[in-house]
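Only one structure is covered here, and it is reproduced in the block below.
Every number in this text was worked out from the coordinates using simple rules, so none of it is lab data. The shown structure was predicted, so the numbers you read here are calculated from the model rather than taken from an experiment. Here Cβ is always computed from backbone atoms with ideal geometry, including for glycine, and neighbour counts include all displayed protein chains.
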Amino acid sequence: MSSTATSSPKTFRVKSFGCQMNVYDGERMAELLAAEGMSAAGDGDDADLVVLNTCHIREKATEKVYSDIGRLRREDGSAPMIAVAGCVAQAEGEEIMTRAPSVKVVVGPQSYHRLPEMVAEAASGKRATETDMPAEAKFAALPKRRKSAPTAFLTVQEGCDKFCTYCVVPYTRGAEISRPFADLIEEAKLLVAGGAREITLLGQNVNAWTGEDDKGRSIGLDGLARALAADPDLKRIRYTTSHPNDMTDGLIAAHAELEKLMPFLHLPVQAGSDRVLKAMNRSHTADSYLKVLDRIRAARPDIALSGDFIVGFPGETDAEFEETLRLVDAVGYAQAFSFKYSARPGTPAATMPDHVPAAVMDERLQRLQAALNRDQLAFNQGSVGKTCEVLVERKGKHPGQWLGKSPWLQSVHFVGEAEIGQMVTVKLVEAGPNSLAGQLV
Ligand code: 5AD
Ligand code: SF4
């Protein structure tokens, strides 16, 4: 294997896969490299350094990393310096180093503040790996935020202590930690100063966030949302992903009181059968989940609900899958994500008996997605005739067309005078499965 020195990279590209936390981490890595004097490669240009910010949640996501590494080889046989970051790096760092000699840097999600020095090491001919999971903040070592799109992500909480039996997150992202209140207020201020009008608070268990406010009082995510809402230039607050068991009374009440807290809740349920939920170690039942939704609907009747589902968890019977469909019918989701169960090495479910055949999983996923798509269209159709605010995010494909989001996180397109970052009032006039047409009022 060659360990020859390459020159220091001058341009970079960060490619993020998977969840929104990875999008956030990818932005921070880009800022970090830019602060070292490197510049982002233009669209279609070769980059000297490519950072693959990977996802390990399902098998397909992992396989993609290896095919991407292969595809980075240029026509003349050379390759950029490749750094693998994110959860695949954390889980399979050593294997990547053996399987993919072109990878020079492997850095886990808790260590990416060290990326520049690792890149320098790699440029001097040494391959560098860092997958420690120190609890102390990498955040302090990152450069301050500057520019922002109208919508920004802010990671407030990381890691997970829930140990759902199918999930790798507790192993790749480590134990639950909440970032300190003061740091978050400061980062949010900088994002807003840089142009953000909407902030989505991120965490694997974002509603488990806890902290102490500036007066030393213990607060939860609702307290943080209240403090952020005090900034007049910040118009909207969202948060994701939540666990049903951490939906506190305070957070539910905040949905009734805080106008800037958008009427949208992503609350994964995974399955509708209590036996399956128990085997998944979800620590809620179908009924207790529905009761949480009743409380949130009482606080905010127009709330749009979203969820995650897994079909074909080991041992799931046809009758148990039908219970998932019944739960979907009972909820009426505005949108949702659904996946086939994917056995992840090292998780308890991977060694459970009675894995469900692929063909059965395919059929269940199709039926579930048909039901979810039906409900999504119905939700969008139910919005037609409403007048709402849209935060303008970008230009559309057609002349004079703009794209943005409704309070319920629906994509809305409209034609007229507007600018990026503006809040406009729009009447929703037509609904499709994935977007709505609006008219400026
Ligand atoms: N197989 C399939 N889906 C999974 N998810 C997490 N782990 C797995 C797995 N092993 C899904 C869950 C979770 C979402 C982020 O990914 O639905 O909520
Ligand atoms: Fe994974 Fe469960 Fe934690 Fe969500 S709550 S990150 S599914 S272990």
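Across the range 28-43, computed HN-Hα scalar couplings (Karplus, 6.51 cos²θ - 1.76 cosθ + 1.60, θ = phi - 60°) run 5, 5, 4, 5, 5, 5, 5, 5, 8, x, 7, 10, 5, 5, x, 3 Hz from first to last residue, x flagging Gly and Pro. Computed 3J(HN,Hα) for the range 116-131, one whole-Hz value per residue from the Karplus formula 6.51 cos²θ - 1.76 cosθ + 1.60 where θ = phi - 60°, is x, 5, 5, 4, 4, 4, 5, 5, 8, x, 9, 7, 10, 10, 9, 10, glycine and proline marked x. Restricting the range 129-160 to GluC sites (Glu not before Pro) that sit in a DSSP loop and have at most 15 other Cβ atoms within 10 Å of their own Cβ leaves GLU136.
Both numbers refer to the Cα atoms of the chain; Rg and Dmax are 22.5, 65 Å. This model, with +1 at the C-beta of Lys and Arg and -1 at the C-beta of Asp and Glu, gives the chain a dipole about its Cα centre of some 580 debye. Once you sort the root eigenvalues of the Cα gyration tensor of the range 2-156 as a ≥ b ≥ c, which label holds: rounded (a/c under 1.5), prolate (a/b larger than b/c) or oblate (the other case)? Rounded is the answer for the range 2-156, as its axis ratio a/c remains below 1.5. Would you please classify the overall shape of the range 1-91 from the alpha carbon gyration tensor, given that a ≥ b ≥ c denote the square roots of the eigenvalues, rounded means a/c under 1.5, and beyond that prolate means a/b larger than b/c while oblate covers the rest? Since a/c reaches 1.5 but b/c is at least a/b, the shape of the range 1-91 is classed as oblate. Which entries of LYS15/LYS397; LYS260/LYS340; LYS60/LYS162; LYS144/LYS260 have Cα-Cα distances beyond 29 Å here? Pairs exceeding the cut-off: LYS260/LYS340. With the cut-off at 1.5 for a/c, could you classify the range 105-249 from its C-alpha gyration tensor as rounded, prolate or oblate? It comes out oblate by the Cα gyration axes.
The chymotrypsin sites (Phe, Trp or Tyr not before Pro) of the range 94-163 that DSSP puts in a loop, and whose beta carbon has at most 15 other beta carbons within 10 Å, are PHE163.
Under 10 Å from the Cβ of ARG226, count the other residues' Cβ atoms, weight Lys and Arg +1, Asp and Glu -1, and hand me the total.
Combined, the nearby Lys, Arg, Asp and Glu give -2.
Farthest toward the positive end of the dipole of the range 299-441, out of LEU365, ALA350, LEU436, is the Cα of LEU436, where the dipole comes from beta carbon charges about the Cα centre. Using only side-chain charges placed at the Cβ, +1 for Lys and Arg and -1 for Asp and Glu, the dipole size of the range 365-441 relative to its Cα centre rounds to 240 debye. Tell me, what is the percent relative contact order of the chain, built from C-alpha pairs under 8 Å that lie six or more residues apart? Relative contact order comes out at 10 percent. In the range 49-183, the DSSP beta bridges split such that about 15 percent are antiparallel, to the nearest 5.
Listed as lacking a disulfide-compatible partner in the chain: CYS19, CYS55, CYS87, CYS160, CYS388, by the criterion of no other cysteine Cβ under 4.7 Å. The 3J(HN,Hα) values that the Karplus relation (6.51, -1.76, 1.60; θ = phi - 60°) gives for the range 141-156 are, in residue order, 8, 8, x, 5, 5, 10, 7, 8, 5, x, 10, 10, 9, 9, 6, 10 Hz. Gly and Pro appear as x.
With a cut-off of at most 13 other beta carbons within 10 Å, and DSSP calling the residue loop, which trypsin sites (Lys or Arg not before Pro) in the range 377-433 qualify? Please list them.
LYS397
Would you mind telling me the antiparallel percentage of the DSSP bridges in the chain, rounded to 5?
Numbers: 24 of 68 bridges.
So the antiparallel bridges amount to about 35 percent of the total.
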